[in-house]
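Data block below; observations after.
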Amino acid sequence: MSFGYLLVVAEHESVDYLKLAYGLALSIKNTQREGYDSVALVIDNKQKLSELTSAWVFDHVIEWNQETFWNGRSWMDHLTPFDNTVCLDVDMLFTQDHSHWAEYFIENSELYIANKSYTYRGELITDAYYRRTFVKNNLPDLYSMYTFFKKDSQLARSFFDLGRQIIKNPVQFANVFLAQHKPKVLGTDEAFALAAKILDIEHIVAYPLEFPRIVHMKPMVQNWPWPADAWSDHVGFYLNKYGKLKIGNYEQNDIVHYVEKDKIDDEMINILEEIAWKK
Amino acid sequence: MTIGILMYAHNSQFVDYALMSIISGGLAKKHLAVPASLVTDLSTMEWMQESNILQKANSVFEHIIIVDRPVTDNRRTLCDGKTQAVVPFVNSNRASAYDLTPYNRTLLIDSDYLIFSNRLAEYWNVDQDVLIGQSINDIYVGDRLGYNDRYISETGVKLYWATTVMFTKNNTSKIFFDTVNFVKEHYSYYADLFRFDSRQFRNDIAFSVAKHILDGFKSSAVGTLPPVLTTLDTDVLTSVDHDRLTFLIAAPLSEKYIPTSISNTDIHIMNKQSVIRHADQLMEML
C-alpha cells in the first residue's frame, strides 16, 4: 500500500507555483520518515522541471493540462499515483515529522479533510472573517489544503465526483445551496464543504481529531487587534540553516500554510536544498 | 522539603507596600498553612518601625530579608476608583527570588494578591519546576481586559502573570530566573525583538519572555497556575466582613459602578489604596 503527497501546479502569470511546490517537496523530504516522504507532482508543462536543481524530490511527475489553476486539484483522485494520498496546497512547508498522522489516516480513514487551523501563535482560529459562506450556509468548516483519501474508496470517488460537479457549475450550486451568502469565487474549500454536506458525510470526513495541525497565515485571523492586509507587514518569516522556521517570535512545529507566495525566495530554496542534500 | 511563601515590599511615598505585604502574607500563611517570608529594604523597615507594624510583620513573616532597594525610574499610573496618580513603582528585583528564598518550594506572590482559599496548595506537589499564573480573569461579568493584558504586544507572545509564581529551587528554575534576569538586564533589546513597550519594566513581561524562550519559542500550557481573579484599579473595595469582600466594579464605558462580593476566593486587587483603607479589618483576620 503506497503513500505519498500530491501537489498540483499549473502555469500562472504572476506566481511561480512550481517553485512553491519545490519548496514544499524539499521540506517533506527533509522532515518526513522514509516511506512517508514520497511526493508526486502534477504539472501542465513537464519541461519546467529542468529549471530545478533537485527535481528528484518529485518521485512522480504527471503531465496533465486538462484544467486550469486550482481546479486541477479537484481531480486529485484520478491523478494520484498512490494508494493513499494527502493532497496539499503548494504554498505550505513541513517543519517536522508528521508521518504518524499519515499512519493514522491509512489505518482509520477513507477520506479525511482538515477542519481546523491555527494562528502562528498556535491558537485555534475561530474568526470566520474568510469563512462567511461557511457560517451563513452552515457548511462544515473544511480546508482542502490537507485532504487524505484512499484511491480505491467509493466514498472518496463519490465525494470528488460531486466536488467536480460543483466546481464546474458554481452558479447553479451557489443559487440552490449557498443562497444565504454566495462566495465571490466558489473554490475547492467551498466545493468540498458543500459536497460533504450534500452527501451527509461531514461526520465521516471531518470528525474531531487533534491533527492535522496547520498554521494558516491568512492575515485577518491572526488574533491581532487591528486589520491586516498582509501578515508580513507585521511579523517576520525566518528559516534558519537547519530548516527551523520562525514566524514572529514563534517557532513553527506544525505545517505552515504561508499564503503569501513571495515568501519562498531563492535563499530559502537554497537552505532547503542543502538540508536535503545532506540528509 | 521546606515550602513557603515569598513576597516583596519596597514602599513608595504613595503606596504602603509593607502594610499590604503583611496583610497578603498573613492571609496566605493562614489559608495555605505554610510559613511566609518577606524581601524588603532598610527604608521600608524603618517605615514599618515608625508606623508600628513591624511587630505584626515579625509575627507574620518567618524571615524578613533585607536587600538593597532597587534603583529604578519606573513609574506608572495607579487609579483609586476615579482618581489617578502617576507613582513610582519599585518592583524590578523579583528575579532575585531564586537566590533569596529560604524554601525549597516557594510560592511567590504580589502583595496585592489576597489569598482566602487553599486552592494554590494543590500545586505544592505538582511535578513542575516553575509554574506561573496563566492569565488574569476579570471579576466583571463582561470583559474589560485589553489586548496587552493577554499578550505582551500586538504580535508578540502570550502574557503570563507573575502575580503568582511557584518554583522548586533546582537547576531548572535557576535557569528560568537567570533568563528572567537576563531579559530584565537587556530589556530594550528584548523589547525590540518581542515588540513590546520598553518604557516601563514589567515583571510579567520579563517572566513571559523567559517562559516563551525556555518553552522552545512557543506557547505552552505546561507550567501554569490557575488564572488570577482580578479587580482593576478603577474598582473599589468597599467593605470587608470576615472572608467576604465587597467591591464596586467600574462598568466599562460608563460612569456607573456595579456592586459585587466574593468570599473564600483568592483575589488580585489592583486598587491598592482601597486595600489599605480596609487594613484594620483585614488584619483582624490574620
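Of A:Val86, A:Val57, which residue is closer than 22 Å to A:Glu190 by Cβ and touching a helix residue (DSSP H, G or I) at 6+ places or on another chain (Cβ under 7 Å)? The match here is A:Val86.
Across the stretch B:135-167, the number of residues qualifying as more than 14 Å from every other protein chain (Cβ to nearest Cβ) and in contact with a strand residue (DSSP E or B) (Cβ under 9 Å, 6 or more places away or on another chain) comes to 14.
Can you tell me which residue within the stretch A:102-137, out of those that are of a type in the set (Lys, Arg) and more than 14 Å from the chain's Cα centre (by Cα), is farthest from the other protein chains (Cβ to nearest Cβ)? Working first, answer last.
Step one: of the stretch A:102-137, the residues of a type in the set (Lys, Arg) are A:116, A:121, A:131-132, A:136.
Now narrow it down to the ones that are more than 14 Å from the chain's Cα centre (by Cα): A:121, A:131-132, A:136.
Numbers: A:Arg121: 6, A:Arg131: 22, A:Arg132: 24, A:Lys136: 26 Å.
Ranking the qualifying residues of the stretch A:102-137, first place goes to A:Lys136.
With respect to being within 14 Å of chain A (Cβ to nearest Cβ), outside any loop (DSSP other than H, G, I, E, B) and not small (Gly, Ala, Ser), B:Val209 fits the description.
In the stretch A:17-36, how many residues are assigned to a loop (DSSP other than H, G, I, E, B) and touching a residue at least 40 places away in the same chain (Cβ under 8 Å)?
Within the stretch A:17-36, the subset assigned to a loop (DSSP other than H, G, I, E, B) is A:32-36.
So of that shortlist, the ones also touching a residue at least 40 places away in the same chain (Cβ under 8 Å) come out as A:32-33, A:35-36.
Selection size over the stretch A:17-36: 4.
Residues in the stretch A:72-101 that are charged (D, E, K, R) and under 16 Å from the mean Cα position of the chain (by Cα): A:Arg73, A:Asp77, A:Asp89, A:Asp91.
B:Thr40 meets the conditions (1) farther than 16 Å from B:Gly4 by Cα; (2) loosely packed, with under 15 Cβ neighbours inside 10 Å; (3) at pLDDT 95 or above in every case but one. The failed one is (2). If the condition is being farther than 20 Å from B:Leu159 by Cβ, of a type outside the set (Ser, Thr, Tyr) and assigned to a strand (DSSP E or B), then the stretch B:217-247 contributes B:Val236, B:Leu237, B:Val240, B:Asp241, B:Arg244, B:Leu245, B:Phe247. Every listed requirement among (1) within 14 Å of chain A (Cβ to nearest Cβ); (2) surrounded by fewer than 17 Cβ atoms within 10 Å (Cβ to Cβ) is met by B:Asn170 save one, (1). Summed over the stretch B:53-76, residues that are modelled with pLDDT of 80 or more and in a strand (DSSP E or B) total 6.
The values are calculated or read from the model by the stated rules, or taken from the named source; none is laboratory data. Predicted, not measured: the structure shown is a model, and the values here were computed from it. When we count neighbours, we look across all protein chains shown, and the Cβ atoms used for this are built from the backbone with ideal geometry, even at glycine.
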